[in-house]
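Participant: Sharing a structure here in structure tokens format.
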Amino acid sequence: MLDRLLRSWGGERLVVRRDEPTGAWILIAIHSSVLGPAAGGTRMKPYPHLDAALEDVLRLSQGMTYKFAAPGLPFGGAKAVLVVPTELEPEDRPGLLSRYGQMIADLDGAFLTGPDVGTSPHDMDVIAETAGARVFCRTPEAGGAGDPGPYTALGVFVAIEAACAELGIAVAGSRVVVQGAGDVGGPLIERLREAGAAVVFSELDASLIDRYRDRGGVAFIAPEEALAEDCDVLAPCALGGVLNETTIPRLRCRAVVGSANNQLAMPADGERLRERGILYAPDFVANVGGAMAMPGIEALGWTPQHATATVREYVGRTLREIFVMSAAEGITTDAAARRIAEAHLAEQA
Ligand code: PHE
């Protein structure tokens with residue numbers, strides 16, 4: 001398992017630590033520092049077993065390398081996974097986060113982080129107390145730029161516009177299924193509704209279901225039905241691996257454009273989508289908004305206005321380029337996107 005995983009990963013450094021007081025495992029995967037210090041979010045959740053967590057952190061770190069490389073941002077790719085016990089007590093959380101922050105401090109600038117599934121800007125404040133200025137997206141009260149979700153949602157929205165244009169339809173009047181109404185899915189639902197799309201969403205959290213279900217133009221659907229729902233665009237905004245051998249034959253959408261990382265369970269799933277004639281917006285292009293805007297604002301001196309304009313311009317232009325390249329060369333959109341990222345990596349190597 002470990003041999004196969006680490007060799008196919010192709011990354012630089014994997015740090016593993018067991019957090020004795022909580023029984024959590026902390027995994028930090030630094031995939032590439034070719035373009036700059038390696039950055040990536042901190043994911044915090046229980047996993048069925050450590051193999052699954054390891055596989056996730058390795059793949060996610062690789063995704064971050066591509067995410068930053070495609071637009072030519074000066075960051076490498078990394079990711080951290082905090083594998084927490086299901087019964088982690090709220091009062092044990094700050095201790096775990098500050099010990100994790102100390103690990104980041106020990107890495108001395110080789111790893112920069114931000115929020116991801118299961119962590120928030122408030123958690124970033126706690127991590128930053130020990131990690132120092134290596135943490136993006138602290139709360140505004142703590143001097144950070146706050147929640148990246150709205151920027152990621154903006155990028156996904158622009159990606160949906162590009163996909164609709166490619167399909168020859170407008171966002172207004174289109175039917176979009178948003179899987180997950182969390183930090184990105186929530187603001188995406190709002191944007192789509194404002195743009196006149198008919199939105200159907202699925203979600204597991206009862207309070208989020210209530211927040212969105214009664215707005216005009218928005219309907220709720222049971223999570224197990226979301227993937228097979230008839231629509232123009234399916235937007236996976238929950239966890240990865242949703243596009244696989246089992247789900248792809250059941251899809252009834254014309255395009256897949258969402259914010260989840262690693263939507264394709266494996267590269268062959270990109271082919272499966274292509275064979276079915278479903279247009280796929282590569283995840284690491286469509287979901288770059290937060291990872292572009294926040295380091296832009298906090299490390300590169302961008303204004304929020306510049307960040308917004310840059311996310312819009314990059315996502316729209318790059319997806320159009322990817323759709324053209326994919327059609328002209330008969331390759332998947334995922335392969336086309338990787339080619340763009342790899343060209344930037346090769347220039348630096
Ligand atoms: N969750 C973000 C992503 O996957 C991680 C991130 C956010 C990284 C903000 C840097 C800054 O892209």
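Coordinate-derived values only; no laboratory data. This is a predicted model, so every value here is computed, not measured. All Cβ positions, glycine included, derive from the backbone under ideal geometry; neighbour counts span all protein chains shown.
Participant: So for region 293-349, what are the equivalent ellipsoid semi-axes in whole Å, largest first, each being the square root of 5 times an eigenvalue of the Cα gyration tensor?
Facilitator: Semi-axes, largest first: 27, 15, 7 Å.
Participant: Picking from L319, S8, H49, whose Cα lies most toward the positive end of the charge dipole for the chain (charges on Cβ: Lys, Arg +1; Asp, Glu -1)?
Facilitator: So the residue furthest toward the plus end is L319.
Participant: Now, a different point. Just in region 240-349: which chymotrypsin sites (Phe, Trp or Tyr not before Pro) are loop by DSSP and have at most 16 other Cβ atoms within 10 Å?
Facilitator: none
Participant: Collect residues whose amide H, placed 1.01 Å from N in the peptide plane, falls under 5 Å from the amide H of A235; neighbours closer than 5 in sequence don't count.
Facilitator: Answer set, sorted by chain and number: V177, V178, Q179, V257.
Participant: For region 91-139, just say rounded, prolate or oblate: build the C-alpha gyration tensor, square-root its eigenvalues into a ≥ b ≥ c, call rounded for a/c under 1.5, and beyond that prolate if a/b exceeds b/c, oblate if not. All intermediate terms of the calculation are to be shown ahead of the outcome.
Facilitator: Numbers: a/c = 1.80, a/b = 1.22, b/c = 1.48.
Cα axes put region 91-139 in the oblate bin.
Participant: Also, I was wondering about something else. Taking just the alpha-carbon atoms of the chain, what radius of gyration and Dmax come out, in angstrom?
Facilitator: Values for the chain (Cα only, Rg and Dmax): 19.2, 56 Å.
Participant: Right, here's the next one. Need one word for region 37-147: rounded, prolate or oblate. Basis is the Cα gyration tensor (sqrt eigenvalues a ≥ b ≥ c); a/c below 1.5 gives rounded, then a/b vs b/c decides.
Facilitator: On the way: a/c = 1.75, a/b = 1.09, b/c = 1.60.
Oblate is the answer for region 37-147, as a/c is 1.5 or above yet b/c matches or exceeds a/b.
Participant: Under the √(5λ) rule applied to the eigenvalues of the Cα gyration tensor, what semi-axes describe the equivalent ellipsoid of region 125-193? Give them in Å, descending.
Facilitator: In descending order, the three semi-axes are 33, 11, 9 Å.
Participant: Using the basic label-point model (7 angstrom from Cα toward the beta carbon), what is the D106 to L167 distance in nanometres?
Facilitator: Using points 7 Å along Cα→Cβ, the separation is 4.9 nm.
Participant: State log₁₀ I(q)/I(0) for region 1-52 at q = 0.20, 0.28, 0.29 Å⁻¹ as given by the Debye formula over alpha-carbon point scatterers of equal weight, solvent excluded.
Facilitator: Per q value, in the given order, log10 I(q)/I(0) is -0.88, -1.26, -1.28.
Participant: For an R0 of 25 angstrom, estimate the FRET efficiency from the Cβ-Cβ distance between H122 and E87 and round to the nearest 0.05.
Facilitator: 0.75
Participant: Rounded to the nearest 10 degrees, what's the angle between the helix 185-194 long axis and the longest principal axis of the chain, both from Cα atoms, 0 to 90?
Facilitator: 30
Participant: A further question on this structure: Need one number: nm distance between label points at L239 and H49, each 7 Å from Cα along Cα→Cβ, rounded to one decimal.
Facilitator: 1.6
Participant: At 0.36 nm per residue, minus the direct Cα-Cα distance, what do D210 and E141 gain on full extension? Give it in nm, one decimal, please.
Facilitator: Working: separation 69, 0.36 × 69 = 24.84 nm, distance 2.87 nm.
Answer, rounded to one decimal: 22.0 nm.
Participant: Also, I was wondering about something else. First check a/c for region 190-349, with a ≥ b ≥ c the square roots of the eigenvalues of its C-alpha gyration tensor; if it is under 1.5, answer rounded, and if not, answer prolate when a/b is larger than b/c or oblate otherwise.
Facilitator: Oblate shape, in that a/c is at least 1.5 and b/c is the bigger or equal ratio.
Participant: Where does region 217-263 land on the Kirkwood hydrodynamic radius, alpha-carbon pairs, in angstrom?
Facilitator: In region 217-263 this quantity evaluates to 11.1 Å.
Participant: Further question: So, R0 is 41 Å and r is the distance between the beta-carbons of A327 and R18; what FRET efficiency does that work out to, to 0.05?
Facilitator: 0.25
Participant: Mean residue ellipticity at 222 nm from the helices of the chain, using -39,500 (n - 2.57) per DSSP H segment of n ≥ 4 over the full residue count, to the nearest 500 deg cm²/dmol?
Facilitator: The helix-only estimate for the chain comes to -14000 deg cm²/dmol at 222 nm.
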